[in-house]
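Quick notes on the structure that follows.
The values are calculated or read from the model by the stated rules, or taken from the named source; none is laboratory data. These figures come from a predicted structure and were not determined experimentally. Please note: Cβ atoms are built from the backbone with ideal geometry, for glycine as well, and neighbour counts cover all protein chains shown.
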């Protein structure tokens, strides 16, 4: 197995998903890869560099998952599919998703990766023929809904024995109905 930056980042992502973001140390990654910790510096710029690479990787993976969820769909069906896919991604990659959250918004690469996610959502919203500002407000709202739901779920905030997927579908449907009411004003 040849160690490279991609393998280091993927290994860190897998460890974060298994044990949480706090388990990410250079020593833990090196041990998992079967190399000495100083060897990691050939591929990443220390722990801060690894965290940045994880944030980029996570944002890009999330954007790809949402892109796949939207293929062949438009409008309401695309929004519903993207919302469900977002929460599924967080369920499958809780540590990697968490790595994307404290990402420095002022880092140009991270900002560009995040912008790609926003552009995807804006493309889906084009069907509704919204003004740019209205579309951006809706993207914020949509992301807040799926992030909030995911965060509450991850932290055990849904203790009742109700079907969480049904709650999510109802939440997303309510958002979409609200979007249609906005269009009728």
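Here residue 48 clears all of (1) at pLDDT 95 or above; (2) under 17 Å from residue 97 (Cα atoms) except the condition numbered (1).
Considering only helices (runs of 4 or more DSSP H) fully contained in segment 93-185, which possess at least 1 residues that are free of Cβ contacts under 8 Å to residues at least 12 places away in the same chain?
Working: elements: 94-100, 108-125, 132-154, 164-184.
By residue number, 108-125, 132-154, 164-184.
This table checks each residue for (1) exposed (fewer than 15 other Cβ atoms within 10 Å of the Cβ); (2) under 19 Å from residue 147 (Cβ atoms); (3) modelled with pLDDT of 95 or more.
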| position | (1), (2), (3) |
| --- | --- |
| 9 | no, no, yes |
| 12 | no, no, yes |
| 58 | no, yes, yes |
| 61 | no, yes, yes |
| 65 | no, yes, yes |
| 77 | yes, no, yes |
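Scanning segment 104-136 for residues that are farther than 19 Å from residue 66 by Cβ, exposed (fewer than 13 other Cβ atoms within 10 Å of the Cβ) and over 15 Å from the mean Cα position of the chain (by Cα) yields 106, 108, 129, 131, 132, 133.
Scanning segment 2-33 for residues that are in contact (Cβ under 8 Å) with a residue 12 or more places away in the chain, more than 18 Å from residue 100 (Cα to Cα) and outside any helix (DSSP H, G or I) returns 3, 4. The sole residue among 150, 81, 144 that is within 29 Å of residue 179 (Cα to Cα), surrounded by fewer than 18 Cβ atoms within 10 Å (Cβ to Cβ) and under 15 Å from the mean Cα position of the chain (by Cα) is 144.
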